[in-house]
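The values are calculated or read from the model by the stated rules, or taken from the named source; none is laboratory data. Fair warning: this is a prediction, and the values are worked out from it, not measured in the lab. With ideal geometry, Cβ positions are generated from the backbone for all residues, glycine too; neighbour counts draw on all protein chains shown.
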Number of protein chains: 2
Amino acid sequence: MSLEKFFNPESIAIVGASGKEGKVGYEILTNLIDAEYSGKIFPVNNKASAIKGLKCYPDLESIGQTPDLVIIVIPATIVPSIMQQCVKIGVKSVVIITAGFKEVGEEGLRLEQQIVQIAKPAGIRIIGPNCLGVIVPVNNLNASFGGDLPNQGAIGYLSQSGALLAAILDTANAHGIGFSKLVSIGNKADINELDIIKALDSDPDTKVIAGYLENITDGDAFVNEAEKISHDKPILLMKSGGTGAGAKAASSHTGSLAGSETAYEAVFERAGIIRCFSIKAQFDFAQAFANQSLPAGNRVAVITNAGGPGIMAADAVERHGLEFATLTDSTVQKLASGLPAAANVHNPIDVLGDALADRYEFAIDTVIDDPNVDTVLMLLTPQAMTEATDTAKVITKISQRKPQKPMLACFLGASKVAKAIEVLRKGLIPQYDSPENAVLAIKMMVHYVNWRSKPKRVVKLFPVNRRKVEIIVEKHLRQAVREIGEVESKEILEAYGFLTPKGSIATTAEQAANIAQQIGYPVVLKIASPDIIHKSDIGGVKIGLKNIQEVMDAFDLMMYRVPKKAPDANIVGVLVQQMCTGGKEVILGMNRDPRFGPLMMFGMGGTMVEVLKDVSFYLAPLTAEEAKQMLVNTKTYKILKGVRGQKSVDIDAIAEGLQRLSQLVTEFPQIQELDINPYVVGSQGTIPIAVDARISVEQV
Amino acid sequence: MSLEKFFNPESIAIVGASGKEGKVGYEILTNLIDAEYSGKIFPVNNKASAIKGLKCYPDLESIGQTPDLVIIVIPATIVPSIMQQCVKIGVKSVVIITAGFKEVGEEGLRLEQQIVQIAKPAGIRIIGPNCLGVIVPVNNLNASFGGDLPNQGAIGYLSQSGALLAAILDTANAHGIGFSKLVSIGNKADINELDIIKALDSDPDTKVIAGYLENITDGDAFVNEAEKISHDKPILLMKSGGTGAGAKAASSHTGSLAGSETAYEAVFERAGIIRCFSIKAQFDFAQAFANQSLPAGNRVAVITNAGGPGIMAADAVERHGLEFATLTDSTVQKLASGLPAAANVHNPIDVLGDALADRYEFAIDTVIDDPNVDTVLMLLTPQAMTEATDTAKVITKISQRKPQKPMLACFLGASKVAKAIEVLRKGLIPQYDSPENAVLAIKMMVHYVNWRSKPKRVVKLFPVNRRKVEIIVEKHLRQAVREIGEVESKEILEAYGFLTPKGSIATTAEQAANIAQQIGYPVVLKIASPDIIHKSDIGGVKIGLKNIQEVMDAFDLMMYRVPKKAPDANIVGVLVQQMCTGGKEVILGMNRDPRFGPLMMFGMGGTMVEVLKDVSFYLAPLTAEEAKQMLVNTKTYKILKGVRGQKSVDIDAIAEGLQRLSQLVTEFPQIQELDINPYVVGSQGTIPIAVDARISVEQV
């Protein structure tokens, strides 16, 4: 779908245009005219014959031609009738500025649905309602009441909050920040965030896509499309309303460990979206992406005229996990030959407090050619002899001559560097108010480059016994039983290629002893009940039983004690199971997010998982690389690789387990939560065992 | 020591005053005059008779009176002779602006020492050399070349980087930020950061102390004094040069876990200092402390005229561990009665986009009285009808009437809110560029309030056998052996009240078996060698030996294998030891920081400690509360308290162990590193056992 008519219309009708200052219909008309829009403007208002020197029409039909774009600013209740007129005269693109729809409650929602029902069959696309409008500087289009037309630039912006967009516009205009397009998406009755992001992706004027969102309309589509687009252009999003949103009560470890933010974090990670926590940070990052090349690596060189800020930058480089570049010998020698003896010719390069612009020029020109340097950060403090403006010009000049390496600047101070900062801005050199913030922007660029260089995602499909799982799942759904017991949970896992310990359920102590004799000692006893989820909490697990007597004692004690602690639980019996020793315990799990689908989890196993919270999440379906990365993202990984002379466990076997689980939950959307805990893994070449498992299902 | 003559001198001589623009001696004289300094100014320069209309003196003596303050700007090599003149005429306070001392190398260092040697016997105090000077707005004193005299305010600032101070001054002047005093401390030849901090503490004009430091001169004194001062006034410091400073090679777990930043973090924590990572953040925080009351608690209410920013603030409140205030019913009712129906009368309170100043006034006035609210954050986006300036006036008015509760503002935008922001500044309402940053400032205030409300520190002294430790330590120092072996390390611990497992060293398999028989099974065998620190890494530990045969086999295998892996190690024998089972393993440790002394560590024990890094540090000596807090600061704490139905271990016993250890390392400064790993703790009422220990000592 093209949004061409929204961004570059040849004619615009404003329904509700007004000649009264202060009215939104006046503001929009004035903004359109003031921005020197070159197309035709048709004010529509049945109470005026002309507004601001433009002929005014009583209704859309009387215009006599079909405007490319219709902007509606009349009261909400009249909007449906205007939409009918739009259908009649063949309008295809409508921006509804008017508020009073979904955001005010039931009645507004009905009105909004009504509008969509009119628009859809006629092929009309809608931005809004309850929005600020659309701004496209390159086309002199300011179809909004958000503020003055900003500079042209490479940032495409979308916002779900009109008020925030207005504030952003005001700030950007004060600092001369440029945009390719700004869109206020309002209630998203029709066109949503993904439509805009896709349009900005195919827009040649947009180098970076940025926005503010409160929710995402279509989770699945968003993940898939945004991932593709991120490979093309960076997407920087503020997403609010994350914390505190009451997540639904979870019964699994995985569920309780997945916070309300986890899904969004996993989505952003998968789709390569850079999350920003303030407007300030977002524009700090956006400027770097919009105006500079991407760095080839993470090695940063700092050039400064004062020691303090240089050290602060170096600290920040280390704190944020970047590398402080080690200059080549030839660079060091060249710097030493051209800089005063007291200068520091190693990174951070200190050109000294009395450096004029030419000394900066020499240093920058030398350092930018160093093959060990990926990004150059220039720091300047305004000292007695400092030529801030000329230094800014020098930086701009070098950046234009050598655009392949990113250059960022932090000129500290205010009035003494104001002119210089203006020069930097015009020269497209991102300028930051602290070394720390400049380094953060570099970090985001490096993060994006790393994400983009990941191999193409290929999800492996394992041969499985799908029918077996279907039978168990359907049985539970038919009986409306949410929790699948341990035995059947393991049957499901076995159907997907997992190994589980030998064992079966006993209902008498003698039977338990018999099973144990067949399995061989030691054995484990576990209470079997669909109503008891965390068995060890109530004494429902006994490990390391070494002979008949111990098994029988444990059985009877469990049958005596557990019902006291869980009087309402339906107890099926006691599971007598082979004890798996010698391996390491991890947890594999899944929690299904209502919007984005299955979230896979990996972490340290056993009862410690909820305390240490050393877990990682990723959206299913998983590739082999992602499954491996989930392991690497935890501290547990180092333990699995072997510390203090211990041997490594079979890492690939765990990653395969995660992939098989990912396939299971992708193929069975009925599975809501799943834990394999512990998943016992041994040394290289051994097959891990799913010692305990729980699965819950729901009708979908 | 009073710095009165530096801050409020009645007369100032400038040695090196100049009439030539661009010279530092000109800049300082001009700045003094431009700031309308009311005392006498004596330019000293033997090549001029008058400068800028002031009589010029060939030398200090010819002034004919003793100036309160002498500012030196002549070349470094001449400074000693000027100092001699200062001694002669009885000057007591000198600011040396001149650079070219310690910072340029050996020769400069000698020159600097020479100056101190002249000054000290004469009781002359020096600020600098290599500094920018001193600024005191309230006294119209700008004895610096840092920039124009700033506004009066409540922030006292000190900086170890002159260039940074100049940049800060430029920024502050552009934004109208006020200061009580600004001091550039330069090379700290005499007066150091602590002297200035103390002076700012006793300065009634200073409400908050802020500064930039690259190092701390006297660690011990700094910790003790800064802690006292923090109880009086908040101290906000940027400290650079932290990361990457090559820490000395450490042999203990504790040593290797203590990064180069750990000591500074522990110092700042103990002394209640708020660490800032950028100038921007520092001034964000300083403005809140300087201009508003401290909050009584952590509950934040947000008032906004747009939903988006309100949600962003709410997210930030939660993300930073603050509480989002729940308004009382009566507040909600009052808001509902006075605000439009569509307004949100719960936190975040949304007064809607068409709110004029009066609606904000009503909302703020209502919310600030709510007993459930500790801090009020006002958000404003400039919308069509918004009265930004009047709203700012309303906020200022309410803040003056009800100063006991802190109020902060975030007016988003730029030109549309510029006037309003000016009103806020004059009304001492801190203004932030994003809701996120405003919330961060509130977090720092809450953090400070919590720190200050801690009980007075009381360090308990345990009765110990100090003589025993002296003997062992002295023996090792005499023999120049750094590592104290396991057996004697445990004797040291026993002397300080620790319990250690039974056991002794065997040199033959038969002897090992005999010892084991006496102790009782199971036993542990550990290689005994002063040269082997991490025994398990090379197979030097064997646990769970259950009979004579296993002990003898393990002994022989160890004696055969270990020398192959550590051919240079001097092997004393094998320690046969009682095996401690059933408890939980933690680590207690100490690593001595060369500047700040013993850093205590607590964490999860065993071989996992260096992988999981779930450890906490604190400066010794420890109080009972601090020892307990060290436990609470780790995730291990929850495990110790018992998860999933397990019983809690004896938490107080661990805290006591930390206190005893703290006493040991405080009383024996020769102890450089110490690990008790594992320290096995059992249930309530049991005594923990120091199963393994290592101590290293150095001559001090």
Name the residue that is farthest from the other protein chains (Cβ to nearest Cβ), counting only residues in the stretch A:136-151 that are touching a Pro at 6+ places or on another chain (Cβ under 8 Å) and not in a strand (DSSP E or B).
A:137
Within the stretch A:165-179, track down each residue that is over 24 Å from residue A:217 (Cα atoms) and touching a residue at least 12 places away in the same chain (Cβ under 8 Å).
A:167, A:169, A:170, A:171, A:172, A:173, A:175, A:176, A:177, A:178, A:179
Across the stretch A:168-200, which residue is surrounded by the fewest Cβ atoms within 10 Å (Cβ to Cβ) among those that are touching a Lys or Arg at 6+ places or on another chain (Cβ under 7 Å) and part of a helix (DSSP H, G or I)?
A:170
Listed by range, helices (runs of 4 or more DSSP H) wholly within the stretch B:571-649 having at least 1 residues that are away from chain A (no Cβ under 14 Å) and surrounded by fewer than 20 Cβ atoms within 10 Å (Cβ to Cβ) are B:624-632
So if I check each of A:589, A:657, A:573, A:645, which one is at pLDDT 90 or above and more than 31 Å from the chain's Cα centre (by Cα)?
A:573
Matching residues in the stretch A:109-136 - criterion: being without any contact (Cβ under 8 Å) to a residue 60 or more places away in the chain and within 24 Å of residue A:152 (Cα to Cα):
A:131, A:132, A:135
Meets criteria (under 26 Å from residue B:470 (Cα atoms) and aliphatic (A, V, I, L, M)) for residue B:505
yes
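Rundown of residues vs (1) closer than 18 Å to residue B:229 by Cβ; (2) more than 17 Å from the chain's Cα centre (by Cα); (3) of a type outside the set (Gly, Ala, Ser), yes/no style:
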residue: B:262; (1), (2), (3): no, no, yes
residue: B:270; (1), (2), (3): yes, no, yes
residue: B:273; (1), (2), (3): yes, no, yes
residue: B:276; (1), (2), (3): yes, no, yes
residue: B:280; (1), (2), (3): no, yes, yes
residue: B:285; (1), (2), (3): yes, no, yes
residue: B:290; (1), (2), (3): yes, yes, no
residue: B:295; (1), (2), (3): no, yes, yes
residue: B:300; (1), (2), (3): no, yes, yes
Top-ranked residue of the stretch B:425-441 - restricted to ones that are small (Gly, Ala, Ser) and within 14 Å of chain A (Cβ to nearest Cβ), ranked as nearest to residue A:240 (Cα to Cα):
B:434
Take the residues of the stretch B:439-480 that are more than 29 Å from the chain's Cα centre (by Cα) and of a type in the set (Val, Ile, Thr): which is nearest to residue B:293 (Cα to Cα)?
B:464
Within the stretch A:66-82, is there a residue that is without any contact (Cβ under 8 Å) to a residue 60 or more places away in the chain, buried (at least 24 other Cβ atoms within 10 Å of the Cβ) and more than 18 Å from residue A:16 (Cα to Cα)?
no
Identify, please: which residue in the stretch B:202-235 is among the hydrophobic types (A, V, I, L, M, F, W, C) and farther than 18 Å from residue B:266 by Cβ and is, among those, surrounded by the fewest Cβ atoms within 10 Å (Cβ to Cβ)?
B:208
Go through the stretch B:374-398 and report how many residues are away from chain A (no Cβ under 14 Å), surrounded by fewer than 24 Cβ atoms within 10 Å (Cβ to Cβ) and either touching a residue at least 40 places away in the same chain (Cβ under 8 Å) or part of a loop (DSSP other than H, G, I, E, B) (or both).
1
Where residues in the stretch B:24-38 are surrounded by 17 or more Cβ atoms within 10 Å (Cβ to Cβ) and in contact (Cβ under 8 Å) with a residue 40 or more places away in the chain, which of them is nearest to residue A:356 (Cα to Cα)?
B:24
I'm trying to understand the selection: among the residues of the stretch B:665-674, which are more than 25 Å from the chain's Cα centre (by Cα) and either at pLDDT below 95 or buried (at least 23 other Cβ atoms within 10 Å of the Cβ) (or both)?
none
What helices (runs of 4 or more DSSP H) lie completely within the stretch B:258-344 and have 1 or more residues being facing chain A (nearest Cβ under 9 Å)?
B:279-291, B:307-319
Do we find that residue B:180 is within 14 Å of chain A (Cβ to nearest Cβ), of a type in the set (S, T, N, Q) and in contact with a helix residue (DSSP H, G or I) (Cβ under 8 Å, 6 or more places away or on another chain) in this structure?
no
Just to be sure before I move on: is residue B:307 among the small types (Gly, Ala, Ser) and modelled with pLDDT under 95 in the structure I sent?
yes
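Let's see how each residue does on (1) modelled with pLDDT of 95 or more; (2) away from chain B (no Cβ under 14 Å):
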position	(1), (2)
A:24	no, no
A:33	yes, yes
A:37	yes, yes
A:43	yes, yes
A:46	no, yes
A:52	no, yes
A:55	yes, yes
A:59	yes, yes
A:62	yes, yes
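Somewhere in the stretch A:402-409, is a residue within 34 Å of the chain's Cα centre (by Cα) and assigned to a helix (DSSP H, G or I)?
The answer is no; no qualifying residue exists.
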Hey, among the residues in the stretch A:152-168 that are among the small types (Gly, Ala, Ser) and away from chain B (no Cβ under 14 Å), which one's farthest from the chain's Cα centre (by Cα)?
A:153
Give me the residue from the stretch B:71-110 that is touching a Lys or Arg at 6+ places or on another chain (Cβ under 9 Å) and assigned to a strand (DSSP E or B) and, out of that set, nearest to residue B:3 (Cα to Cα).
B:93
